[in-house]
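The values are calculated or read from the model by the stated rules, or taken from the named source; none is laboratory data. Computed from a predicted model, the values in this text were never measured in an experiment. Note that we place each Cβ from the backbone using ideal geometry, even for glycine, and neighbour counts take in every protein chain shown.
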Amino acid sequence: MPLKLSLKPGERFVLNGAVLANGDKRTSLIIQNKACVLREKDIMQPEDAATPARRIYFPIMMMYLDPGQDEAYYNDFALRMTEFMGAIQNRTALAQCVEISRDVMSGNYYRALMACKKLFDFERERLNYDGQGVSKHAASG
């Protein structure tokens, strides 16, 4: 099934490891076969992996974008996921972690990434992170 990618002016994305940028007008691309595509908004820089959930997201993203190095990234993912699951008790979040792990194990990295974003919300609501890795309590104190 083709993937239709609608791009804003200047929006960047990664396609099979190549960073591409849209021109100055809104455009749509149709990708006819299976490809690794990640929008700019879903790309995380290493320094942005500053919270427990983001430290889970980053190695999944790297497995998706750099399949030749997936073993090293998988080991980091497994460690971070184990730490996260050991620190929480919320059943919904734990079930989400299991689903993310299943997707990673089956190579559905994009699906795992989108599910992992839900952990960002959990973290923000329950663990008092502001989205930048700073505890709201520490920032206000």
Answer yes or no: is there a residue in the stretch 14-26 that is surrounded by 13 or more Cβ atoms within 10 Å (Cβ to Cβ), touching a residue at least 24 places away in the same chain (Cβ under 8 Å) and outside the structural domain of TYR109 (by TED's automatic domain parsing). yes
Quick check: is even one residue across the stretch 49-67 at pLDDT below 95 and more than 14 Å from the chain's Cα centre (by Cα)? yes
Filter result for ASP76 (in the same structural domain as ASP103 (by TED's automatic domain parsing), over 18 Å from ARG111 (Cβ atoms) and of a type outside the set (Gly, Ala, Ser)): yes
Going by what's in this entry, would ALA95 be described as in a helix (DSSP H, G or I), of a type in the set (A, V, I, L, M) and over 13 Å from the mean Cα position of the chain (by Cα)? yes
Please give the number of the condition GLU71 fails out of (1) among the acidic types (Asp, Glu); (2) over 27 Å from PRO2 (Cα atoms); (3) at pLDDT 90 or above. (3)
